[in-house]
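Notes for the one structure printed next.
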Amino acid sequence: MSDQKKYALVTGATSGIGKELAKLLAKDQYNLVIVARNQDVLNDTANELKLESGVEIRTLAKDLFKREAAFEVYDEVKRQGIQIDVLVNDAGQGQYGEFVETDLNRELDIIQLNIGAYVILTKLFLKDMVARKEGKILNVASIASKLPGPYQAVYHGTKAFVHSFNEAVRSEIKDSGVTLTSLLPGVTDTDFFNKAEMQDSKIVQEGGMADPADVAKDGYEALMAGDDMVISGFKNKMQVSLGNITPDSMVADAMKKQQEPAEGKK
Ligand SMILES: NC(=O)c1ccc[n+]([C@@H]2O[C@H](COP(=O)([O-])OP(=O)(O)OC[C@H]3O[C@@H](n4cnc5c(N)ncnc54)[C@H](OP(=O)(O)O)[C@@H]3O)[C@@H](O)[C@H]2O)c1
């Protein structure tokens, strides 16, 4: 690394996997631009990270449910004269429930957050990176990218998009000096399930969730190595491998059993 400290931008850096990724970047002396909705929590996170690592942290409070917000993130970074060397698209949400019953407007917001914001930020920062012939992007997908997910149909669909998109763009820019990596975590102990109203599902009630710090470490190593993807955790690697050789309809039925409401919660 040159004397000039590099900058990483992390969406969703105030909680869960994104916060752990931000910690790893700060530990490696990347200055940070952190993005989430709540300014107070952003300030607390910035203070915490600064104390641990001494790097410079800028905060951007943006609601990425709104289409214009991702453009505003890019414009603000440019206005502040910051060059982003590493982009981490992490902010994402899900919604639990049967598709015929769930709130369509919330699902459209989730599509904007999990897909729209990823595409906008990847496009805008990637153009700059390709022009400089260097840069790294981590798009947080999920093992949901590989497994149709009853009770979370829209969420799993958005994550399938992220991983497919990542591999396709990566192939286009293979010789550019820029890398795109997708991180595929399994069930991880974060606030995700509260936001998704998923506490009564079997998958949450039965426990056995990964530590977000371990998941972030896997993602960080893959990002720095320039790998195309990493599935975090042995059990998740096995589940995806099995899914690859099983008819999609059977995978969906098996996932339905995993994700349905727990006994007594139906
Ligand atoms: N937890 C899991 O089991 C799991 C598994 C596979 C993949 N993932 C993926 O991992 C990523 C991170 O999730 P997590 O589990 O770490 O969840 P989390 O603890 O709920 O963290 C989500 C982060 O995104 C931010 N965020 C949420 N909605 C936002 C919005 N509309 N605009 C801007 N920022 C927003 C949150 O801050 P504010 O709420 O303050 O905005 C927070 O910083 C997501 O893409 C998720 O799909 C999670």
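The values are calculated or read from the model by the stated rules, or taken from the named source; none is laboratory data. Predicted, not measured: the structure shown is a model, and the values here were computed from it. Glycine gets a Cβ as well: all are built from the backbone with ideal geometry, and neighbour counts include every protein chain shown.
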Quiz item: Out of all the residues in the range 39-54, which are surrounded by 15 or more Cβ atoms within 10 Å (Cβ to Cβ) and farther than 20 Å from residue 73 by Cα?
Solution: 48, 49, 53
Self-check item: Tally, over the range 245-266, of residues that are touching a residue at least 40 places away in the same chain (Cβ under 8 Å), among the small types (Gly, Ala, Ser) and over 11 Å from residue 150 (Cβ atoms)
Solution: 1
Quiz item: Regarding residue 216, is this residue crowded, with 17+ Cβ neighbours inside 10 Å, modelled with pLDDT of 95 or more and among the hydrophobic types (A, V, I, L, M, F, W, C)?
Solution: yes
Quiz prompt | Lone qualifier among 13, 36, 22 - being of a type in the set (Gly, Ala, Ser), more than 9 Å from the ligand (Cβ to nearest atom) and crowded, with 21+ Cβ neighbours inside 10 Å | solution = 22
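Just to be sure before I move on: is residue 88 touching a helix residue (DSSP H, G or I) at 6+ places or on another chain (Cβ under 6 Å) and buried (at least 22 other Cβ atoms within 10 Å of the Cβ) in the structure I sent?
Numbers: touching a helix residue (DSSP H, G or I) at 6+ places or on another chain (Cβ under 6 Å): yes; buried (at least 22 other Cβ atoms within 10 Å of the Cβ): yes.
Here the answer is yes, as residue 88 does meet what is asked.
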Exercise. Please name all residue pairs, on different chains or six or more residues apart, with Cβ atoms under 6 Å, provided the first residue is in the range 76-97 and is more than 15 Å from the ligand (Cβ to nearest atom) and the second residue is in a loop (DSSP other than H, G, I, E, B).
Key: 85/6
Practice problem: Please note which helices (runs of 4 or more DSSP H) are completely contained in the range 153-266 and include at least 1 residues that are under 15 Å from the mean Cα position of the chain (by Cα). | Solution: 153-172, 192-195, 212-225
Quiz item: If you go through the range 45-71, how many residues are without any contact (Cβ under 8 Å) to a residue 12 or more places away in the chain and within 16 Å of the ligand (Cβ to nearest atom)?
Solution: 3
